[in-house]
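Q: Let me begin by handing over the structure; questions about it come next.
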There are 2 protein chains.
Amino acid sequence: MSITAPAGFTAAGVAAGLKSTGAKDMALVVNNGPRFDSATVFTSNRCKANPVLWSQEVVKDGIVRAVVLNSGGANCYTGAEGFQTTHAVAEKVAEKVGIGAIDVVVCSTGLIGLANPRENMIAGVEALAAALTSDGGDDAASAIMTTDTVSKQAVVEGAGWSIGGMAKGAGMLAPALATMLVVITTDAVIDAADLDQALRAATRVSFDRLDSDGCQSTNDTVTVLASGASGITPPLADFTAALTQLCTDLATQLLKDAEGSEHDIAITVVNAVTEDDAVEVARSVARSNLFKAAVFGNDPNWGRVLASVGTTQAEFDPADLDVAMNGVWVCKNSTPHADPATVDLTPRDVSVTIDLKSGDARATVWTNDLTHAYVHENSAYSS
Amino acid sequence: MSITAPAGFTAAGVAAGLKSTGAKDMALVVNNGPRFDSATVFTSNRCKANPVLWSQEVVKDGIVRAVVLNSGGANCYTGAEGFQTTHAVAEKVAEKVGIGAIDVVVCSTGLIGLANPRENMIAGVEALAAALTSDGGDDAASAIMTTDTVSKQAVVEGAGWSIGGMAKGAGMLAPALATMLVVITTDAVIDAADLDQALRAATRVSFDRLDSDGCQSTNDTVTVLASGASGITPPLADFTAALTQLCTDLATQLLKDAEGSEHDIAITVVNAVTEDDAVEVARSVARSNLFKAAVFGNDPNWGRVLASVGTTQAEFDPADLDVAMNGVWVCKNSTPHADPATVDLTPRDVSVTIDLKSGDARATVWTNDLTHAYVHENSAYSS
């Protein structure tokens, strides 16, 4: 009941026949006020899905009163017909909830190029509206799952206020402001501008640092709704810290459920000149198929780490790099150090530390290993 | 006998005990003149192996008289000791062949962080010098193989002159001027400056357009030696065309032998504003694990193509893109067109065409699919 934990929200999840399995595939989250402040970040992919094109207009005034989501089809590259479906769904939500369609964010996920059957979705909205309840968070969270094996939810408690969140995402996980569908609710009193500032700060160090497979989605949306129902206005720093905690929690849940993964890998770059340098270096390693396959094989192949580091423009001396895996410094001053055989990569959690010895900035990027199961799942997904 | 096809060259390949299998692992190519013009391109990876650091100095004066190569260890990130090994090998070649060490290019390939046993390599050079012959090209080509399943050789005949080449490479294949070890020989009379110009023109549209797994090696070297033994000075345009043909032939052989691959994928972007735009878009698709896994599953998933296109900065209208797979236009104007079920992806050769409708430039990037065998091979390589 994560997203319905904060006061002022109702939610529901139903099966509308979009998934061939008959599982829940539509969700609705409604902010009942008294305030309707919101902030949203979208994928930076230029090939944006129809619901993103619609929702970008919806969020411009900082007011969002409902979010309707579906799995079973991304409604991306489905043309004018697809956009009209998104619009029709928003209009139906507006009619049933008694609000304006221009305050309804629409999110879709699933196969690109697949049109969602409009009649099913309209009927789905009717069922959702009838099922709205103040403990509907679980149903909503399960309705947005695609290849996810578990639903992702989190709650962070403040002093008299709280934040709840749900997320979906298991593949096409690479950062671009947002890399999945996430709905966050809070009953704190916080205006849209502050909410936007807090959301961008939180996603920058959470979802933006997740790079499971280097592939950036066309539909990613993270939207936060603030009802103000607690009547409490927390200090912005407190709220931002709590929101960051919640986003990091959800990002970690996404990481642990990434398609076919057997290892969660935290790549930390230390002593970089800038945080951007640290992120660039960490991300280059996170995107090395050779490194990721080696981790799958429990092989502490630090050579593949340095080969990736060398492709970046960050400031460092190629002849003076240190690399640790699970705390063992297998490379010091760009030469072999501790015996790699002493590194135990069998646990699911793997850490890689790269010391650039050039400054005092640092950053961590999270990724997964490249496994047979990943290849299997993604070679068989749509056909 | 590819590299010994042009007049003026001798070569050899021997087993020096670097590979645990006992297979050939050292090669030597000697230019016997009368001219010793050369040109070389190296990996742009900033983490360069010791032989690259050495050879960068060797090639500066445009004179190279011998190339010594080894598989079984990349001699990368092995410190001062490793550099001294490279130097000692060059000195030994110089002594045995009767030339200066500063005219000896050294190339190594294999595991990063692994020191090559110096005594084995010195003994190997002695054996190589004793085995040098004017038909030693085959032996040399097989001695530089690592995970290659076949040796790669090619010859292009000019009017009274010829070009021969050998290459090794199966993994860590991504462009950075050069992405593998390649030695090219010619008996044409051509000075070092023209040779450099021709080599850069040829690699730009061949090896640089090969992106098998997005991973850039630390050891890549492409070196061309011109003996002038034919006595013929071809027009530079003719020589460049022949060299481009040879490089493309070798690049195609590398593509077909890429680790674990089941498909060779040519991604062609047409009607781009610039060739750089076309390359950027094609390369983004070539690096999408989701797209590559889909091709492995014979799934014409054009949505994953567009999702990658959208991550680039190239000029195009996201709402007006066409995509064809194996000649079938599955997407027109960014909406579904022909039924993807009519696309047959079972042949090894796959073509993807992306029409940006923005200009008249075009480019092709070659890649492979992402397969179980790739994951298997790269999770078990070093351990």
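Here, each number is a calculation from the coordinates, and none is a lab measurement. Given the structure is predicted, the values throughout are model-derived calculations rather than measurements. Quick reminder, even Gly has a Cβ in these numbers, built from the backbone with ideal geometry, and neighbours come from all protein chains shown.
Q: Exposure proxy check: A:Asp103, B:Asp257 ranked by fewest other beta carbons within 10 Å?
A: A:Asp103, B:Asp257
Q: How high is the relative contact order of region A:87-198? Use alpha-carbon pairs under 8 Å, at least six apart in sequence, and give a whole percent.
A: 17
Q: So, one more: Which whole number in µm²/s is D for region A:264-379 by Stokes-Einstein, with the Kirkwood Rh taken over Cα pairs at 37 °C and 0.692 mPa s?
A: For the chosen part, D equals 234 µm²/s.
Q: Sequence gap at least 6, Cα distance under 8 Å: using those rules, report the relative contact order of region B:264-379 to the nearest whole percent.
A: Details: 241 pairs, mean separation 52.4, N = 116.
Averaging sequence separation for qualifying contacts and normalising by length gives 45 percent for region B:264-379.
Q: May I ask for the angle, rounded to the nearest 10°, between helix B:118-131 and the longest principal axis of chain B, with both axes built from Cα atoms and the value confined to 0 to 90°?
A: Its long axis makes an angle of about 80 degrees.
Q: Sticking with this structure for a sec: Per residue Cα convex hull volume for region A:62-219, in cubic angstrom?
A: Enclosed volume per residue, from the Cα hull, is 126 Å³.
Q: Take chain B, connect every pair of alpha-carbon atoms lying under 10 Å apart with a spring to form a Gaussian network, then pick out the residue of B:Pro235, B:Pro336, B:Pro51 with the largest mean-square fluctuation.
A: Ranking B:Pro235, B:Pro336, B:Pro51 by mean-square fluctuation puts B:Pro235 first.
Q: Against the longest principal axis of chain B, how steep is helix B:236-256, in degrees 0 to 90 to the nearest 10, with axes from Cα atoms?
A: 70
Q: If you don't mind, there's one more thing I want to ask. Can you give me the Kirkwood hydrodynamic radius for region B:14-137, using every pair of distinct Cα atoms, in Å to one decimal?
A: Value: 14.4 Å, from the Cα pair sum.
Q: A further question on this structure: Output needed for region A:205-250: three equivalent-ellipsoid semi-axes, defined as square roots of 5 times the C-alpha gyration tensor eigenvalues, in descending order, whole Å. Could you put the intermediate results ahead of the total?
A: Details: eigenvalues 147, 36, 9 Å².
Taking √(5λ) for each eigenvalue gives 27, 13, 7 Å, largest first.
Q: For the protein assembly as shown, what does the convex hull of the Cα positions come to per residue, in cubic angstrom?
A: With only Cα atoms used, the protein assembly as shown gives 140 Å³ per residue.
Q: Please compute the alpha carbon radius of gyration of chain A, then divide it by the globular-protein estimate 2.2 N^0.38 Å. Two decimals is fine.
A: Scaled against compact globular proteins, the figure is 1.02.
Q: To continue, here is another question. So for the pair B:Glu157, B:Leu111, with labels modelled 7 Å out along Cα→Cβ, what separation do we get in nm?
A: Taking the simple label geometry, B:Glu157 and B:Leu111 are separated by 4.5 nm.
Q: How much of the DSSP beta bridge set in chain A is antiparallel, as a percent to the nearest 5?
A: 70
Q: Determine, for B:Ser2, A:Ser108, A:Ser20, the number of other Cβ atoms within 10 Å of each Cβ, and report the residues in order from fewest to most.
A: A:Ser20, B:Ser2, A:Ser108
Q: Then there's this: In the protein assembly as shown, what % of DSSP beta bridges are antiparallel (nearest 5)?
A: 70
Q: For A:Gly62, enumerate residues with amide H under 5 Å from its amide H, sequence gap 5+ or separate chain, H modeled in the peptide plane.
A: Under 5 Å from the amide H of A:Gly62: no residue qualifies.
Q: Report the one residue of B:Thr4, B:Ser134, B:Ile102 whose Cα lies farthest in the direction of the positive end of the charge dipole of chain B (charges on C-beta: Lys and Arg +1, Asp and Glu -1; origin at the Cα centre).
A: Looking along the dipole axis, the top candidate is B:Ile102.
Q: Sticking with this one: How much mean residue ellipticity at 222 nm does chain B get from its helices, if each DSSP H run of length 4 or more adds -39500 (n - 2.57) and you divide by all residues, to the nearest 500 deg cm²/dmol?
A: One gets -9500 deg cm²/dmol as the mean residue ellipticity at 222 nm.
Q: Nearest-5 percent of antiparallel DSSP beta bridges in region B:264-379?
A: Counting only bridges with both partners in region B:264-379, antiparallel ones make up about 70 percent.
Q: About the Cα centre of region B:1-136, what is the dipole size in debye to 20, counting +1 per Lys and Arg Cβ and -1 per Asp and Glu Cβ, all else neutral? Display every interim value, and only then the final one.
A: Details: 10 positive and 11 negative charges, 49 e Å.
My answer is approximately 240 debye.
Q: While we're looking at this one, here's another question. Taking a label point 7 Å out from Cα toward Cβ, give me the nm distances from B:Lys60 to the same spot in the other copies, shortest first, one decimal.
A: 6.0
Q: Helix B:79-97 versus the longest principal axis of chain B: what is the Cα-based angle in degrees, 0 to 90, to the nearest 10?
A: 60
Q: Before anything else, pin down the relative contact order of chain B: Cα pairs under 8 Å, at least 6 apart, normalised by residue count, whole percent.
A: 18
Q: So, R0 is 30 Å and r is the distance between the beta-carbons of A:Asp61 and A:Asp276; what FRET efficiency does that work out to, to 0.05?
A: 0.40
Q: Any idea what Rg and Dmax come out to for region A:91-140 if you just take the C-alpha atoms, in Å?
A: Radius of gyration, then largest Cα-Cα span, for region A:91-140: 12.2, 35 Å.
Q: For labels at A:Val205 and B:Glu91 in the simple 7 Å Cα→Cβ model, what's the distance in nm?
A: The answer from the label model is 5.3 nm.
Q: Using Cα centres only, tell me the gap between region A:1-68 and region A:144-167 in whole Å.
A: 14
Q: Under a 5 Å amide H to amide H cut-off, with H placed in plane at 1.01 Å, what residues pair with B:Leu225 once short-range neighbours are removed?
A: B:Ile184, B:Thr185, B:Thr186
Q: Right, something else. Quick one, what does Rg over Rh come out to for region B:188-275 if you take C-alpha atoms and the Kirkwood Rh? Intermediate values should be presented prior to the final figure.
A: Working: Rg = 15.4 Å, Rh = 14.9 Å.
Over the Cα atoms of region B:188-275, Rg/Rh equals 1.03.
Q: When the Cα centres of region B:72-92 and region A:264-310 are compared, how far apart do they sit, in Å?
A: The two parts, judged by their Cα centres, are 25 Å apart.
Q: Please find the FRET efficiency linking B:Arg348 to A:Asn32, where r is the Cβ-Cβ separation and R0 is fixed at 56 Å, and quote it to the nearest 0.05.
A: Details: r = 58 Å, r/R0 = 1.04.
Given R0 = 56 Å and the Cβ-Cβ separation, E is 0.45.
Q: Quote the convex hull volume per residue of region A:335-383, based on C-alpha atoms, as a whole number of Å³.
A: Cα-based convex hull of region A:335-383, divided per residue, equals 155 Å³.
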